[in-house]
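Just so it is clear, none of the values below were taken in a lab; they were calculated from the coordinates. Because the structure is predicted, anything quoted here is derived from the model rather than measured. We place every Cβ from the backbone using ideal geometry, glycine too, and count neighbours over all the protein chains shown.
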Amino acid sequence: MKRYSVFAVAREALRDHMGWERAWASPEPKKRYDVIIIGAGGHGLATAYYLGKNFGITNVAVLEKGWLGGGNTGRNTTIIRSNYLQDPSAAIYEKSRSLYETLSQDINYNIMYSPRGVIMLAQTEHEVRGYKRTAQANALQGVTTEFITPRRVKEIVPIINLDGPRYPVLGGLWQARAGTARHDAVAWGYARACSAMGMDIIQKCEVTGIRRDGGRVTGVTTNRGDIDCDKLGIVVAGHSGHLADMAGFRLPIESVALQALVSEPIKPCMDCVVMANTVHGYMSQSDKGEMVIGGGTDGYNNYTQRGAFHHIEETVRALVETFPMVARLKMLRQWGGIVDVTGDRSPILSKTPVDGIFINAGWGTGGFKAIPGSGWGFAELMAKGHSPLCDAFGLDRFYQGRFIDESVAAGVAH
Amino acid sequence: MLILTCPCCGVTAEETEFHQGGEAHLTRHGPGASEEEFHTYLFAKENPKGVHFERWRHNNGCGKWFHAARDTVTLEVYGTYSAQTLEPPQVIRDAITAKRPGWRWREFA
Ligand SMILES: Cc1cc2nc3c(=O)[nH]c(=O)nc-3n(C[C@H](O)[C@H](O)[C@H](O)COP(=O)(O)OP(=O)(O)OC[C@H]3O[C@@H](n4cnc5c(N)ncnc54)[C@H](O)[C@@H]3O)c2cc1C
Ligand SMILES: [Zn+2]
């Protein structure tokens with residue numbers, strides 16, 4: 001793999017950009033791998049990367065039924081933050097956020113991490129108390145957040161309307177080192193780094209069955225033939241229930257469509273991310289100038305990658321009352337992704353009832369921010385059988401009633 | 001937009017008039033249940049890519065609960081039926097088989 005650098009850009013500029021090589025190889029699947037990861041979204045690719053980097057396991061294949069990053073990783077609104085309430089969440093989300101800070105250098109791929117700051121607006125007394133509590137919890141966890149006054153909110157976001165028609169802004173939870181990154185680049189960067197370590201990233205390869213022998217995994221069946229493995233990681237977000245069914249168990253997960261939309265591009269007007277959970281909408285501005293807007297989740301399980309139409313109106317209504325200027329914008333595109341939601345709004349990083357099968361799922365509406373941290377912990381879990389970052393997120397918590405309740409921190413779908 | 005017919009009052013309306021209440025036909029294990037049974041009742045979701053039986057409430061209408069058979073991929077509604085039943089009626093099953101031969105759902109226990 002040739003390194004990307006300012007010298008490479010200069011060199012290629014002088015020869016009509018003819019020297020760039022393919023970022024990752026497209027090999028045929030081999031008969032057998034030590035580890036197979038199903039799903040080339042951010043979490044699957046990051047898992048493969050840290051298996052190689054931290055544990056020297058490189059006989060790895062990542063199987064993807066569509067194209068790389070074509071699932072939720074390429075469909076999300078890219079908010080990265082770590083201001084959760086419970087300690088196990090703070091640990092994995094903050095590990096993730098801190099890995100994001102230097103990820104571009106680490107994988108030699110510009111993922112455009114932009115720590116522009118995230119405000120979560122408090123618009124009811126209940127939210128004020130909730131976020132003050134979160135700020136205190138974060139202080140104990142070593143996560144830097146702060147509860148700020150409406151005046152500070154207005155200084156940071158001049159386009160905001162503090163006295164909305166329904167819910168005035170009473171304050172906000174501010175995390176200055178939270179922000180956004182380029183979603184596709186995260187998938188592409190990890191894929192390139194994995195390919196450089198000799199791993200096989202195989203697109204258009206759909207897993208249609210999981211083969212077992214005496215309670216142990218032996219391999220998978222795909223539309224490109226059978227492939228054997230020692231260990232299998234299921235990292236397929238909205239399709240987790242479908243894959244678990246192939247392996248013979250059920251999960252505490254339901255899949256729903258979550259949607260987002262973007263406006264026409266406009267001049268820079270907001271240089272941070274604002275989330276308004278009570279009215280249910282959030283917004284940031286992309287480098288192209290589009291306002292990136294997060295919508296709602298459907299009220300019933302589905303696999304449509306589209307989302308119910310009436311949510312668009314609800315979302316836009318929420319934004320118009322929070323940012324009146326939005327009323328004059330045209331919306332350009334709308335899309336949906338299938339998110340995997342658990343009852344306590346926390347992920348599952350776990351062994352499963354089948355020996356050798358591990359599952360990384362349940363990130364629901366908010367797992368983009370967690371990609372590096374989840375990959376780091378899940379790789380350790382797959383390599384060593386346990387990981388301090390993952391231990392609290394096992395499937396056993398649903399037997400023990402030991403939930404990691406983040407329904408407040410998850411608030412709006414993000 | 002999803003369109004459902006409430007079998008209780010007969011009104012056909014858009015999804016905004018209803019509220020989905022999760023998977024139907026669960027066995028409500030109670031006192032004396034094993035951990036496994038209680039876990040299955042509370043948490044083990046069918047979450048199928050395909051035919052789904054579920055509870056709905058006509059909350060902006062007559063307010064009553066009913067059941068629906070729906071496809072989670074195409075959003076087609078195969079039929080709605082009374083909630084006063086442990087299993088989907090044969091007509092609903094036949095309607096599904098006509099559209100989706102070979103469909104399956106966990107045991108109706
Ligand atoms: C509209 C929207 C907005 C969001 N906004 C945010 C946000 O602002 N911040 C945030 O942190 N998170 C956000 N999220 C959530 C985030 O996108 C996801 O949690 C995260 O991307 C999940 O990554 P993943 O790698 O687990 O899944 P995915 O990226 O979905 O990857 C799973 C892959 O598995 C593949 N697959 C499925 N079945 C098979 C099979 N049988 N064989 C082979 N491959 C298979 C799929 O094709 C897919 O590519 C948002 C999600 C959506 C939909
Ligand atoms: Zn009715």
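Here are the numbers for the structure shown:
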{"quantity": "Positive dipole terminus of chain A, leading residue within A:Met112, A:Thr222, A:Val207 (C-beta point charges)", "calculated": "A:Met112"}
{"quantity": "Cβ-derived FRET efficiency at R0 22 Å, A:Met331 paired with B:Met1, nearest 0.05", "calculated": "0.75"}
{"quantity": "Cα-centred dipole magnitude for chain B, charges only on beta-carbon of K, R (+1) and D, E (-1), debye, nearest 20", "calculated": "160 debye"}
{"quantity": "Region B:1-75 - percent relative contact order, Cα under 8 Å, separation 6 or more", "calculated": "32 percent"}
{"quantity": "Point-to-point label distance, B:Thr85-A:Ala176, nm (Cα→Cβ direction, 7 Å offset)", "calculated": "6.3 nm"}
{"quantity": "FRET E, pair B:Asp94, A:Thr221, Förster distance 30 Å, beta-carbon r, rounded to 0.05", "calculated": "0.40"}
{"quantity": "Within straight-line cross-link reach of A:Lys95, lysines at Cα separation under 16 Å, skipping those fewer than 8 residues along the same chain", "calculated": "A:Lys369"}
{"quantity": "Cross-link partners of A:Lys384 among lysines (Cα-Cα below 16 Å; sequence separation of 8 or more within a chain)", "calculated": "A:Lys53, A:Lys231, A:Lys351"}
{"quantity": "Net charge dipole size for region A:194-344 [Lys, Arg +1 and Asp, Glu -1 on Cβ; Debye, nearest 20]", "calculated": "280 debye"}
{"quantity": "Shielding by partners, peptide A:252-258 (average Cβ within 10 angstrom, other chains)", "calculated": "4"}
{"quantity": "Average beta carbon contacts from partner chains per residue of A:374-382, 10 Å cutoff", "calculated": "0"}
{"quantity": "GNM result for chain B, Cα springs below 10 Å: residue of B:Ala24, B:Ala33, B:Ala98 fluctuating most strongly", "calculated": "B:Ala33"}
{"quantity": "Eligible lysines near A:Lys204 by straight Cα distance, threshold 18 Å, same-chain separation 8 or greater", "calculated": "A:Lys30, A:Lys31, A:Lys65"}
{"quantity": "C-alpha long axis of helix B:90-99 to longest principal axis of chain B, angle in °", "calculated": "70 degrees"}
{"quantity": "Base-10 log of normalised Debye intensity for region A:130-215 (one unit scatterer per alpha-carbon) at q = 0.12, 0.16 Å⁻¹", "calculated": "-0.70, -0.82"}
{"quantity": "All-pairs Cα distance distribution in region A:33-160, expressed in whole percent, bin size 5 Å", "calculated": "2, 9, 13, 17, 17, 15, 10, 8, 5, 3, 1, 0"}
{"quantity": "Assigned charges on the beta-carbon of Lys, Arg, Asp, Glu; the protein assembly as shown dipole about Cα centre (debye)", "calculated": "900 debye"}
{"quantity": "Of A:Ala361, A:Gln334, A:Ala181, farthest towards positive along the dipole that unit charges on Lys, Arg, Asp, Glu beta carbons give chain A", "calculated": "A:Ala181"}
{"quantity": "Neighbouring partner chain Cβ atoms per residue of B:77-87, average, 10 Å criterion", "calculated": "0"}
{"quantity": "Length-normalised contact order of chain A in % [C-alpha pairs under 8 Å, at least 6 apart]", "calculated": "23 percent"}
{"quantity": "Kirkwood hydrodynamic radius (C-alpha pairs) into Stokes-Einstein, region A:280-389, 10 °C and 1.306 mPa s, D in µm²/s", "calculated": "95 µm²/s"}
{"quantity": "Cα point-scatterer Debye curve for chain A, base-10 log of I(q)/I(0) at q = 0.06, 0.12 Å⁻¹", "calculated": "-0.24, -0.95"}
{"quantity": "Between region A:207-239 and region A:153-181, the alpha-carbon center distance in angstrom", "calculated": "46 Å"}
{"quantity": "DSSP beta bridge pairing in the protein assembly as shown, given as percent antiparallel to the nearest 5", "calculated": "75 percent"}
{"quantity": "Helix-only CD estimate at 222 nm, as mean residue ellipticity for chain A, using -39500 (n - 2.57) per DSSP H run (n ≥ 4)", "calculated": "-9000 deg cm²/dmol"}
{"quantity": "Relative contact order %, region A:283-401, counting alpha carbon pairs below 8 Å whose residues are six or more apart", "calculated": "18 percent"}
{"quantity": "When region B:1-100 is reduced to its Cα atoms, the Kirkwood hydrodynamic radius in Å", "calculated": "14.4 Å"}
{"quantity": "Candidates A:Thr365, A:Thr297, A:Thr221, ranked by Gaussian network fluctuation over chain A, Cα under 10 Å, top entry", "calculated": "A:Thr221"}
